[in-house]
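Presented below is the structure to which this report refers.
The values are calculated or read from the model by the stated rules, or taken from the named source; none is laboratory data. Given the structure is predicted, the values throughout are model-derived calculations rather than measurements. Methodologically, a virtual Cβ is constructed for each residue, glycine included, from the backbone with ideal geometry; neighbour enumeration extends over all protein chains shown.
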Amino acid sequence: MIRILLALLLSQLVVTAQAEIAVIAHVQNPLASLSESEVRKIFLGRLQLFPSSRTEILTLDQSVDSPTLATFYHAEMDMTPSQLSGYRAAYLFSGKGRIPEIENDDLSVLERVKATHNAIGYIDLDAVDNETSLSGIKILYRLP
């Protein structure tokens, strides 16, 4: 039983390591890139406007069972989905923050960003079929 659990854990680590996560925005977003600090602030609800802009940010998150969500928040914020939920509950309760809108998966985030000029989200680039799927968006940040 322990060997099976260990094998499952290792296979999940391999999948996570291969994911190429990118933070994306609408193609007309004036930003060329975001810093790691700005990405953290946006997705933790601490930054309401795009940097050097008066444009309000519509932050998109993926569902809590999404492997892309788990990879993104682990790599960027060193948080598990349950830690993220606890953080957001406290931050929202304080009246300071705003939680992202939830999309089901990478493709729904991609389509929502394409359709919404002030949206920002993250996707696993490996989940996107081809380069034409990326038309209409720009990549502002890639996970290191």
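General remarks:
- Among all positions in the range 128-142, there is at least one residue which is assigned to a loop (DSSP other than H, G, I, E, B) and touching a Lys or Arg at 6+ places or on another chain (Cβ under 6 Å).
- The combined condition, being of a type outside the set (A, V, I, L, M) and out of contact with any helix residue (DSSP H, G or I) (no Cβ under 9 Å at 6 or more places or on another chain), is not fulfilled by Ser66.
- Top-ranked residue of the range 111-125 - restricted to ones that are in a loop (DSSP other than H, G, I, E, B) and of a type outside the set (Val, Ile, Thr), ranked as farthest from Thr71 (Cα to Cα): His117
- When Thr71 is tested against (1) part of a helix (DSSP H, G or I); (2) out of contact with any Leu (no Cβ under 9 Å at 6 or more places or on another chain), only condition (2) is not met.
- Residues that are part of a loop (DSSP other than H, G, I, E, B), hydrophobic (A, V, I, L, M, F, W, C) and closer than 14 Å to Asn118 by Cα, drawn from the range 40-55: Leu47, Phe50
- The residue pairs whose first member lies in the range 14-26 and is on the phi > 0 side of the Ramachandran plot and outside any strand (DSSP E or B), whose second member is modelled with pLDDT of 95 or more and surrounded by fewer than 19 Cβ atoms within 10 Å (Cβ to Cβ), and whose beta carbons are closer than 9 Å, counting only pairs six or more residues apart or on different chains, do not exist in this structure.
- Residues of the range 126-144 classified as surrounded by fewer than 16 Cβ atoms within 10 Å (Cβ to Cβ) and over 25 Å from Arg54 (Cβ atoms), total: 8
- Within the range 56-77, the set of residues being loosely packed, with under 15 Cβ neighbours inside 10 Å and closer than 17 Å to Ala119 by Cα comprises Glu56, Ser63.
- Ser37 being at pLDDT below 95, of a type in the set (S, T, N, Q), part of a helix (DSSP H, G or I) and out of contact with any strand residue (DSSP E or B) (no Cβ under 6 Å at 6 or more places or on another chain): no
- Any hit, the range 84-94, residues being in contact (Cβ under 8 Å) with a residue 40 or more places away in the chain, under 20 Å from Leu47 (Cβ atoms) and within 13 Å of the chain's Cα centre (by Cα): no
- Some residue of the range 79-100 being under 21 Å from Ala119 (Cβ atoms), at pLDDT 90 or above and surrounded by fewer than 16 Cβ atoms within 10 Å (Cβ to Cβ): no
- Residue count, the range 92-110 (criterion: outside any helix (DSSP H, G or I) and of a type in the set (Val, Ile, Thr)): 2
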